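The values are calculated or read from the model by the stated rules, or taken from the named source; none is laboratory data. All figures in this text were calculated on a predicted structure; none of them were measured in a lab. Cβ sites come from the backbone with ideal geometry, for glycine too, and all protein chains shown count toward neighbours. Note: accessible area is taken over every heavy atom of the protein model, side chains too, but ligands, DNA and RNA are not part of it. Shrake-Rupley method; radii C 1.70, N 1.55, O 1.52, S 1.80 Å.
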There are 2 protein chains.
Amino acid sequence: MEKAPSSSVEIVEVGPRDGLQNIAEFIPTSVKQELISRLRLAGLRAIELTSLVSPRAVPQLADGRELLEHPHIQGLLADTSLRLPVLVPNIKGLDVALQRGVREVAVFVSATEGFSRVNTNCTRRQGVERAKEVVVRAQEFGISVRGYVSCIFSDPYDGPTEPSSVLSCVKELLAMGCHEISLGDTLGTGSPRDVRKLLTYLKDNGIPMSRLAGHFHDTHGNAVANVWEAYHCGLRVFDSSVNGLGGCPFAPGARGNVATEDLLYLFMKAGIDTGIDISKVVDTGAWVSGMLGDQLGCNSCSQP
Amino acid sequence: MEKAPSSSVEIVEVGPRDGLQNIAEFIPTSVKQELISRLRLAGLRAIELTSLVSPRAVPQLADGRELLEHPHIQGLLADTSLRLPVLVPNIKGLDVALQRGVREVAVFVSATEGFSRVNTNCTRRQGVERAKEVVVRAQEFGISVRGYVSCIFSDPYDGPTEPSSVLSCVKELLAMGCHEISLGDTLGTGSPRDVRKLLTYLKDNGIPMSRLAGHFHDTHGNAVANVWEAYHCGLRVFDSSVNGLGGCPFAPGARGNVATEDLLYLFMKAGIDTGIDISKVVDTGAWVSGMLGDQLGCNSCSQP
């Protein structure tokens with residue numbers, strides 16, 4: 001029943017967006033740009049650059065436009081072999097991205113009502129409709145869209161998530177034209193058993209594993225185990241964050257994303273190619289850790 | 001081929017020994033005693049109390065005798081339903097343990113020459129002989145012996161470990177009468193793929209999985225994934241350390257033990273009983289973290 005192991009996986013580095021967005025003190029655009037450049041030099045071919053959400057909601061990424069206009073970032077955007085998604089909440093954000101040469105955007109919906117209300121000030125249904133507007137317009141411009149489903153296992157306000165809610169979000173995002181759906185364990189409450197249960201359920205309901213990505217946070221130290229379990233269920237795309245940076249401003253208590261370094265180690269030791277130079281990523285992690293210093297919470301300081 | 005999942009696993013808490021031994025500043029005996037008492041109250045039924053190695057080699061545990069004589073610890077030792085092993089390097093250590101009512105000791109051998117030389121100042125073969133002396137004498141007194149095999153995947157001085165070396169250590173320890181062999185990834189360089197390869201190799205060579213325990217360090221964030229893989233290979237006993245305390249004075253760069261909290265989370269979410277109250281362990285982790293404060297390296301401060 002399980003997909004045969006393939007010889008490669010794709011790592012989507014989300015550090016510059018998901019990893020930074022929760023840090024209170026503003027990080028200069030030049031540091032963000034250098035982080036992205038270093039990640040690219042380490043071999044990462046898929047890097048989420050920033051988000052174009054309201055500066056009020058996520059002040060840390062208020063420089064999204066400026067970052068995209070930076071000559072180095074423009075240089076990367078010119079390389080059509082790279083995946084450089086930008087998170088956009090609505091048509092306005094999409095248009096800003098389009099004007100700056102972005103070729104992939106990401107939209108997000110919550111599988112749960114509580115997080116949807118607090119994160120995006122709308123119901124789950126309204127969130128799906130909002131995403132659909134973006135996807136439809138993006139397609140008119142030949143822009144590919146990645147869909148995020150948040151809170152796949154639990155919601156900070158509502159408790160455990162119904163798998164059927166995740167399924168319905170995934171179906172809707174695929175139906176509207178997203179090329180890939182990233183399943184987000186926003187709170188990091190999932191365990192390998194949860195991962196297998198959910199992915200088996202989605203598979204049994206007709207969702208091809210090849211269209212899914214796994215996005216795990218390491219709240220309980222289970223994130224690498226979750227990735228490995230998801231790999232065995234057939235997933236081949238995983239989001240991670242250099243140095244385990246991360247958390248979410250609207251999910252109190254949520255810890256960092258799974259560290260890119262840890263995932264690279266997992267796959268390297270299993271003989272599964274990522275095309276990424278782990279030692280350069282470790283160096284980049286040390287560099288960003290030094291640049292951010294005390295702004296990092298304890299969830300980041302421990303990553304190798 | 002795989003052992004069917006059972007409904008319970010045994011967690012051997014090694015924080016008071018493996019977790020503390022690498023901390024430079026001396027921790028008062030009263031704190032060690034309270035740590036053990038709190039772990040017991042959290043439901044742990046197997047706790048490695050201390051080691052009786054040379055105070056020169058491990059100054060942090062120089063108070064091993066005193067700790068064992070503490071009334072609270074003597075009270076725990078009187079409960080024959082508990083497993084409270086004490087690490088002993090030789091006959092002298094064994095005698096000290098015997099005199100204080102210890103009913104289980106642990107011996108250790110390295111699967112590799114480099115670590116054996118630096119950790120115990122003897123060859124691997126001499127280490128096995130030394131362990132055998134202890135086991136033979138322990139059995140005369142009806143004392144059960146747990147055997148540790150260090151460096152199952154790699155050695156800080158020699159590089160990767162030959163699986164045949166691990167096999168031969170396990171065979172020798174079983175043959176001399178150890179009731180359980182704890183396989184130690186001392187450097188934390190193992191990945192799930194390594195775990196499966198080694199355990200499959202041991203199984204294929206006649207080692208019953210029921211006699212093995214897994215002892216993983218979290219150097220590359222893969223320890224929980226390693227435990228989960230080992231569980232699927234049939235292991236049902238795992239060593240861990242509250243708050244992820246740990247490291248090894250003779251294995252430079254090695255990081256903390258896998259955190260007890262993370263393992264409990266893994267198993268709890270999988271519906272596998274440990275008999276341990278995770279919230280009390282989390283509280284104990286926070287308490288010990290507060291007690292140790294700055295003495296903890298970064299590898300410990302991040303554990304939930």
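Does B:G190 satisfy the criteria of being touching a residue at least 40 places away in the same chain (Cβ under 8 Å), under 20 Å from the mean Cα position of the chain (by Cα) and under 26 Å from B:V224 (Cβ atoms)?
No.
So that you can scan it fast, the table gives a plain yes or no per residue for (1) within 20 Å of B:A131 (Cβ to Cβ); (2) of a type in the set (S, T, N, Q); (3) out of contact with any helix residue (DSSP H, G or I) (no Cβ under 8 Å at 6 or more places or on another chain):
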position	(1), (2), (3)
B:C178	yes, no, no
B:G184	yes, no, yes
B:L187	no, no, yes
B:V195	no, no, no
B:L202	yes, no, no
B:G206	no, no, yes
B:S210	no, yes, yes
B:F216	no, no, no
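Does B:L77 satisfy being of a type in the set (A, V, I, L, M, F, W, C) and in contact with an Asp or Glu (Cβ under 9 Å, 6 or more places away or on another chain)?
no
Looking only at segment A:36-47, filter to residues that are open to solvent by less than 10 Å² (accessible area, probe 1.4 Å) and part of a loop (DSSP other than H, G, I, E, B); which one of those is nearest to A:P16 (Cα to Cα)?
Filtering segment A:36-47 for residues that are open to solvent by less than 10 Å² (accessible area, probe 1.4 Å) and part of a loop (DSSP other than H, G, I, E, B), the one nearest to A:P16 (Cα to Cα) comes out as A:L44.
Output the residue which, of all residues in segment A:180-195 that are open to solvent by less than 10 Å² (accessible area, probe 1.4 Å) and polar (S, T, N, Q), is farthest from the other protein chains (Cβ to nearest Cβ).
Here is the first cut: in segment A:180-195, the ones open to solvent by less than 10 Å² (accessible area, probe 1.4 Å) are A:181-185, A:188, A:190-192, A:195.
Within this subset, residues satisfying the condition of being polar (S, T, N, Q) are A:182, A:191.
Numbers: A:S182: 20, A:S191: 3 Å.
Selected residue: A:S182.
Within segment A:107-130, which residues are closer than 10 Å to A:P89 by Cβ and in contact with a Gly (Cβ under 7 Å, 6 or more places away or on another chain)?
Residues satisfying the conditions are A:V107, A:T120.
Look at segment A:269-278 and say how many of its residues are more than 8 Å from chain B (Cβ to nearest Cβ) and either open to solvent by less than 20 Å² (accessible area, probe 1.4 Å) or assigned to a helix (DSSP H, G or I) (or both).
In the first step, residues of segment A:269-278 are kept if they are more than 8 Å from chain B (Cβ to nearest Cβ); the result is A:272-278.
Okay, now just the ones that are also either open to solvent by less than 20 Å² (accessible area, probe 1.4 Å) or assigned to a helix (DSSP H, G or I) (or both), so A:272, A:278.
Residues in segment A:269-278 being more than 8 Å from chain B (Cβ to nearest Cβ) and either open to solvent by less than 20 Å² (accessible area, probe 1.4 Å) or assigned to a helix (DSSP H, G or I) (or both): 2 in total.
Out of B:A62, B:A78, I need the residue that is modelled with pLDDT of 95 or more, under 19 Å from the mean Cα position of the chain (by Cα) and surrounded by fewer than 21 Cβ atoms within 10 Å (Cβ to Cβ). Which one?
Just one listed residue meets the conditions, B:A62.
Just give me the residues in segment B:208-233 being in a helix (DSSP H, G or I), open to solvent by 10 Å² or more (accessible area, probe 1.4 Å) and more than 8 Å from chain A (Cβ to nearest Cβ), in sequence order.
Correct list: B:M209, B:S210, B:R211, B:H232.
Can you tell me which residue within segment B:234-256, out of those that are modelled with pLDDT of 95 or more and open to solvent by less than 10 Å² (accessible area, probe 1.4 Å), is nearest to the other protein chains (Cβ to nearest Cβ)? Break it down into steps so the answer makes sense when it comes.
Just the residues of segment B:234-256 that are modelled with pLDDT of 95 or more, to begin with: B:234-242.
Subset that is open to solvent by less than 10 Å² (accessible area, probe 1.4 Å): B:234-235, B:238-242.
Working: B:G234: 16, B:L235: 15, B:F238: 13, B:D239: 15, B:S240: 10, B:S241: 12, B:V242: 13 Å.
Filtering first and then ranking leaves B:S240.
If you take the residues in segment A:48-57 that are surrounded by fewer than 22 Cβ atoms within 10 Å (Cβ to Cβ) and in contact with a Pro (Cβ under 9 Å, 6 or more places away or on another chain), which one is nearest to A:I11 (Cα to Cα)?
Out of the qualifying residues, it is A:V53.
Within segment B:91-138, take every residue that is assigned to a helix (DSSP H, G or I) and of a type in the set (D, E) and give me the one that is most open to solvent (accessible area, probe 1.4 Å). Before the answer, list the steps.
Of all residues in segment B:91-138, those assigned to a helix (DSSP H, G or I) come to B:91-99, B:113-120, B:124-138.
Filter again for of a type in the set (D, E), leaving B:95, B:113, B:129, B:133.
On the way: B:D95: 39, B:E113: 80, B:E129: 88, B:E133: 108 Å².
Among those that are assigned to a helix (DSSP H, G or I) and of a type in the set (D, E), it is B:E133.
Give segment A:196-207 a look and list any residue that's among the aliphatic types (A, V, I, L, M) and within 13 Å of chain B (Cβ to nearest Cβ), or say none.
Within segment A:196-207, A:L198 is the sole residue that qualifies.
Looking at the structure I just gave you, is A:V281 at the interface with chain B (Cβ under 9 Å from one of its Cβ atoms), modelled with pLDDT of 95 or more and either under 24 Å from A:F153 (Cα atoms) or in a helix (DSSP H, G or I) (or both)?
Values: at the interface with chain B (Cβ under 9 Å from one of its Cβ atoms): no; modelled with pLDDT of 95 or more: yes; either under 24 Å from A:F153 (Cα atoms) or in a helix (DSSP H, G or I) (or both): yes.
The answer is no for A:V281.
Scan segment B:139-167 for residues that are outside any strand (DSSP E or B) and either crowded, with 18+ Cβ neighbours inside 10 Å or not small (G, A, S) (or both) and report the count.
16
Of all residues in segment A:131-151, count the ones that are among the basic types (K, R) and under 27 Å from A:T189 (Cα atoms).
Total satisfying the criteria: 1.
Of the residues A:L39, A:L87, A:L52, only one is touching a Ser or Thr at 6+ places or on another chain (Cβ under 7 Å) and either over 21 Å from A:G290 (Cα atoms) or of a type in the set (D, E) (or both); which?
None of the other options fit; the residue is A:L87.
Checking A:S6 against (1) closer than 20 Å to A:V107 by Cβ; (2) modelled with pLDDT under 95, which single condition isn't satisfied?
For A:S6, the exception is condition (1).
Output the residues belonging to segment A:2-35 that are within 15 Å of the chain's Cα centre (by Cα) and assigned to a helix (DSSP H, G or I).
Hits for segment A:2-35 are A:G15, A:P16, A:R17, A:D18, A:G19.
State the number of residues belonging to segment A:169-179 that are touching a residue at least 24 places away in the same chain (Cβ under 8 Å) and open to solvent by 10 Å² or more (accessible area, probe 1.4 Å).
Count: 6.
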